[in-house]
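First comes the structure, then the notes that go with it.
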Amino acid sequence: MKNLLTMICALAAMCCVAQGQNITITKGASGKSFDKESVLNGWYLGAHGKGDCWLTRTEDGPKSFVRSDDWQLVELDRNLNVYGRLELPMSRNCKVLVARKLDHYAGVIMVDSSEAKKLTLVKFEVDLDSMTLVNGKVDTLAQYDKEPTDKSYVWGAASENGEYMGVLTLLQMTKKRQYVAVASMYDMEMEELWSKEFAVGTTSSIAVSNEGEMVTLGYEEDAGVENFTINVIGRKSGDTYGLKMNCDRVKDMQIVNVLGRKVLCAGLFSSLTSDPKDNLVGGAMSMAFDLDSASVTNFVVRPFMNEDMNILLNKKTKKVQHSQEAQMVVPLAYVPMPYGAVVAMGHRHTLHYVNANGTTETSYYAQGIHLVALDENGNVKWARNIRRNDMQKHTDEKLYVAMFPVGDTLCVVKSEHPKYPATYDISKDVKELEMGDKNNLVLYALNEEGNVKKTVLEQKTKHAVVSGAKRGNNEMVMLTLDGNKSRMVEMKIE
């Protein structure tokens, strides 16, 4: 029994990665103390006391809750035992916009758009030592009247230094054919610094600079020309910049990093000659914008190469592909890096099988991971591929890949078939892995030059990573699931 407890709770692995770094893996106990739904909804806030603070929700909440499906703040130990919990009242219909932890304080901004004639922004301030709401109440930040037919869009973002949080609220008034957009900025304690109406136009994402400016990006195609709109909104003024580009069709472009005064945007693209209904993707696209000169400084397109296509289609790398576009390729993550960003994409598709009795079974598939690293000016530093051929029936909750920056190294943690090579080798196609079967938990470490080091963290486990976040500069925390059993895995790189 003593040996068993040691295996469950103590140090599980120590091995080397690129540049002579060491990885320490600590696995908590696997159990049902933290339910599956809470794990899947987990939003990591940071370490506190002897454990970690998470924002989550579950229908199976404590009996003391007014509504069991309200959002809640929980403190967990390494074995996912809850030793602190606070219900955030009246939050069951809310969506999290931005959250942060500061010492012994946590702040969350949410939006409630469930009411037909009202849109409400609320903030929750929590004293983590006592696990109580500051001043014992929920604060309303803003409230907007609307008609049932109106549409609303709300974005939230925080600056990289953690000193500012921004919220952009956009109301489309259908009958009046008008819209109202309000940009608001808050300090680290969620006190409003400024708020103003601003005509942002088409918007796809926002970011907040370390100086407390809000930057928005929008784009739309018109007769083969892509129209980009960038807004820079500050306390005293706001400016709008438009750019027309004769380029391929833009897909899923976002602001992925703000480095000093440079804004880095990235996404995917498809050829203008292709039919949008075919859902084809031809590679990655990036754009850099300089806040000081108020100009676009670079626009880069990186098409798929033959190897990339074979990885996404799970074919041998020697196979010659006659098309350089693939269907159903979607972004998996946009990871800000000290040197710029990494765009991760993969092939995702769903199959529906109709049984003889008329019932439908759904299976979800994920093949290949294509990574493109960009510098602060949007130039491609490197492109690398990782093999993947995963499937899950009924749900896609375990088709997740955790990605973290550790210094200039990108860490990718994923599940793999036990018969995958132990070293980084992508030459051959790989066997299908049904999530829930025994798999290896694997780390790929890619440094700034794109050199790849593969490390098997755990062999033949049924656990799969479903949530992950950075705990510190070189620490990561991940939540894993095996059926209804959950577990925490801590990873430290030195």
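Couple of notes before you dig in:
Residues are listed down the side, and each one gets a yes or a no for (1) touching a Gly at 6+ places or on another chain (Cβ under 7 Å); (2) crowded, with 22+ Cβ neighbours inside 10 Å; (3) of a type in the set (Asp, Glu):
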site: SER68; (1), (2), (3): yes, no, no
site: TRP71; (1), (2), (3): no, yes, no
site: MET90; (1), (2), (3): no, no, no
site: CYS94; (1), (2), (3): no, yes, no
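- In the set LYS175, LYS151, LYS196, LYS236, only one residue is more than 25 Å from the chain's Cα centre (by Cα) and free of Cβ contacts under 8 Å to residues at least 24 places away in the same chain; that residue is LYS236.
- The single condition from (1) among the acidic types (Asp, Glu); (2) more than 15 Å from VAL167 (Cα to Cα); (3) surrounded by fewer than 16 Cβ atoms within 10 Å (Cβ to Cβ) that ASP248 fails is (3).
- The lone exception for VAL167 - which of (1) modelled with pLDDT of 95 or more; (2) over 14 Å from VAL215 (Cα atoms); (3) touching a Ser or Thr at 6+ places or on another chain (Cβ under 8 Å) it fails: (2)
- The residue that is modelled with the highest pLDDT, counting only those in segment 265-296 that are open to solvent by less than 10 Å² (accessible area, probe 1.4 Å) and of a type in the set (S, T, N, Q), is SER286.
- In the set LYS101, LYS123, LYS95, only one residue is among the basic types (Lys, Arg), under 30 Å from ASN473 (Cα atoms), part of a strand (DSSP E or B) and in contact with an Asp or Glu (Cβ under 6 Å, 6 or more places away or on another chain); that residue is LYS123.
- Near pairs, Cβ below 6 angstrom, 6+ apart or cross-chain, from segment 389-411 (polar (S, T, N, Q)) to any residue that is not in a strand (DSSP E or B): ASN389/ASN314; ASN389/VAL430; ASN389/GLU432; GLN392/LYS398; GLN392/LEU399; THR409/ASN447
- Considering residues of segment 136-195 that are among the polar types (S, T, N, Q) and assigned to a loop (DSSP other than H, G, I, E, B) only, the residue surrounded by the fewest Cβ atoms within 10 Å (Cβ to Cβ): THR149
- Tally of residues being farther than 19 Å from GLY238 by Cα and either in a loop (DSSP other than H, G, I, E, B) or basic (Lys, Arg) (or both) across segment 207-224: 2
- Some residue of segment 77-86 being open to solvent by less than 20 Å² (accessible area, probe 1.4 Å) and not in a helix (DSSP H, G or I): yes
- Any hit, segment 431-438, residues being of a type outside the set (Phe, Trp, Tyr), over 13 Å from MET337 (Cβ atoms) and crowded, with 19+ Cβ neighbours inside 10 Å: yes
- Scope segment 340-387; condition under 16 Å from LEU399 (Cβ atoms) and charged (D, E, K, R); matching residues: ARG348, ARG387
- Sub-6 Å Cβ pairs linking a first residue in segment 129-147 that is more than 30 Å from ARG177 (Cβ to Cβ) to a second residue that is among the β-branched types (Val, Ile, Thr), at least 6 apart or interchain, are VAL138/VAL122, ordered by first then second residue.
- Looking only at residues of segment 337-364 that are open to solvent by 40 Å² or more (accessible area, probe 1.4 Å) and either under 17 Å from ARG302 (Cα atoms) or aromatic (Phe, Trp, Tyr) (or both), we find that the one that is nearest to the chain's Cα centre (by Cα) is TYR364.
- Any hit, segment 321-336, residues being closer than 27 Å to PRO405 by Cβ, surrounded by fewer than 20 Cβ atoms within 10 Å (Cβ to Cβ) and of a type in the set (Phe, Trp, Tyr): no
- The set of residues in segment 49-64 being open to solvent by 20 Å² or more (accessible area, probe 1.4 Å) and assigned to a strand (DSSP E or B) consists of ARG57 alone.
- Tallying residues that are polar (S, T, N, Q) and surrounded by 17 or more Cβ atoms within 10 Å (Cβ to Cβ) within segment 103-135 yields 2.
- Residue satisfying all of: in segment 413-430; closer than 21 Å to VAL372 by Cβ and of a type in the set (Ser, Thr, Tyr); surrounded by the fewest Cβ atoms within 10 Å (Cβ to Cβ) among these: SER427
- Subset of segment 100-111 (residues that are at pLDDT below 95 and either farther than 16 Å from LYS50 by Cα or not charged (D, E, K, R) (or both)): ARG100, LEU102, HIS104, TYR105, ALA106, GLY107
The values are calculated or read from the model by the stated rules, or taken from the named source; none is laboratory data. Since the structure is predicted, the reported quantities are computational estimates derived from the model, not experimental observations. All Cβ positions, even for glycine, are placed from backbone atoms using ideal geometry, and neighbour counts span all protein chains on display. Protein only, heavy atoms only, side chains kept; ligands, DNA and RNA dropped before computing areas. Shrake-Rupley method; radii C 1.70, N 1.55, O 1.52, S 1.80 Å.
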